[in-house]
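What follows is a short report on a single structure.
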Amino acid sequence: MIRIAQVSDLHLHCRKQDNKKALALLERVRQVHSSATASNYTLVTGDITDDGDPAQYQQALGAFQPFIGHLLLAPGNHDYGPLGSIYLKESAKAFDKSLLHGVGIQQAYFNKQPVVDLLNDGTGTQVLTVGLNSVSETVSPWDFARGEIGEEQLSALQTILSNPAYATAHKLVYLHHRPLKCNDWFVELMDAEDLMAILHQQGVAVVAFGHTGGNLQEREPPQARVVRVFVRAYGVQYLLNANRSVEAQKFNEVVFDQQQITVRTV
């Protein structure tokens, strides 16, 4: 059995006293999972920092110490620069060098390549996890917080998911932006439909994300509830949105067994 707790949009600031709610949520995750017997992982789907500032990355490193070796991280638009709409190459590189490498993850997102892990509980349950960089390299603040996977990363994702070595593994794909077409131009994932077509084709069961915006109220229940729609259209069993997990002080928990997947809000 493999258990994954998902939080998102921590928006860690430079001073620890400004991060009380985010740190309280992470402590709650730690306490709930400390007594479990399964292989436990914590997934953070972007906007870990508020501006991609070096001091904020240091706060993140401190907050993630109890989870090292069991972390899955994806970048958000706020991790790559101020206001979530100003792309700074230095901040983008720091996500890999300061944060990922700091917690022992040797892969990198800067060149828009998927981050891949095959989780194994030792009893036959395997979960292929694929992290995507959905942050677009904006050239102006007026690009706002739009996201894009990009053709190269989509092609790499297709190759990874179709690898016969992963045929019997559960599949979880995670990113920051919402992988659904929406009516909010300012925060949309521009190639969401292309992404979902691949996930459908490859039978991905779980997609986890954060971010904000989008006129999807008719499709998504309030945050911290599981979205079980689009099964017929996309073949995705669970769409997990944790963009308000800090505010709600709740997290999504996915439990993978050999034969089934169960999801709850904790």
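Here are a few things to note about the model shown:
- Screening the candidates S98, S91 for the property of being surrounded by 22 or more Cβ atoms within 10 Å (Cβ to Cβ), of a type in the set (S, T, Y) and assigned to a helix (DSSP H, G or I) yields one hit, S91.
- Filtered by the rule that a residue be among the hydrophobic types (A, V, I, L, M, F, W, C) and free of Cβ contacts under 8 Å to residues at least 40 places away in the same chain, the range 79-100 gives L88, L100.
- Hits in the range 26-50 (condition: buried (at least 21 other Cβ atoms within 10 Å of the Cβ) and in a loop (DSSP other than H, G, I, E, B)): G46, D47, I48, D50
- Filter result for H170 (within 21 Å of the chain's Cα centre (by Cα) and closer than 24 Å to T123 by Cα): yes
- Tally of residues being free of Cβ contacts under 8 Å to residues at least 40 places away in the same chain, among the aliphatic types (A, V, I, L, M) and either surrounded by 18 or more Cβ atoms within 10 Å (Cβ to Cβ) or not in a helix (DSSP H, G or I) (or both) across the range 153-177: 1
- Here G124 meets the list (1) surrounded by fewer than 17 Cβ atoms within 10 Å (Cβ to Cβ); (2) part of a helix (DSSP H, G or I) almost entirely, failing just condition (2).
- The range 237-252: number of residues that are closer than 20 Å to R30 by Cβ and in contact with a His (Cβ under 9 Å, 6 or more places away or on another chain): 1
- Some residue of the range 1-12 being loosely packed, with under 14 Cβ neighbours inside 10 Å and either in contact with a Phe, Trp or Tyr (Cβ under 7 Å, 6 or more places away or on another chain) or modelled with pLDDT of 95 or more (or both): no
- Answer from Q56, Q17 - the residue that is in a helix (DSSP H, G or I) and either at pLDDT below 95 or surrounded by fewer than 17 Cβ atoms within 10 Å (Cβ to Cβ) (or both): Q17
- All told, G122 meets the bar of being of a type in the set (G, A, S), touching a residue at least 12 places away in the same chain (Cβ under 8 Å), over 16 Å from V207 (Cα atoms) and out of contact with any Cys (no Cβ under 9 Å at 6 or more places or on another chain).
- A55 vs. criteria touching a helix residue (DSSP H, G or I) at 6+ places or on another chain (Cβ under 7 Å), among the small types (G, A, S) and over 17 Å from V173 (Cα atoms): no
- Residue-level check: of (1) surrounded by 23 or more Cβ atoms within 10 Å (Cβ to Cβ); (2) modelled with pLDDT of 95 or more, L118 misses just (1).
- Taking first residues from the range 237-266 that are among the aromatic types (F, W, Y) and at pLDDT below 90 and partners that are crowded, with 21+ Cβ neighbours inside 10 Å and part of a strand (DSSP E or B), the Cβ contacts under 7 Å between residues at least 6 apart in sequence or on separate chains come to Y238/V206.
- Out of N111, N133, N163, sole residue that is over 19 Å from A92 (Cβ atoms) and not hydroxyl-bearing (S, T, Y): N163
- Every residue from the range 178-192 that is under 18 Å from the mean Cα position of the chain (by Cα) and without any contact (Cβ under 8 Å) to a residue 60 or more places away in the chain: L180, K181, V187, E188, L189, M190, D191, A192
The values are calculated or read from the model by the stated rules, or taken from the named source; none is laboratory data. Remember, it's a predicted structure, so these values are computed and weren't measured experimentally. We place every Cβ from the backbone using ideal geometry, glycine too, and count neighbours over all the protein chains shown.
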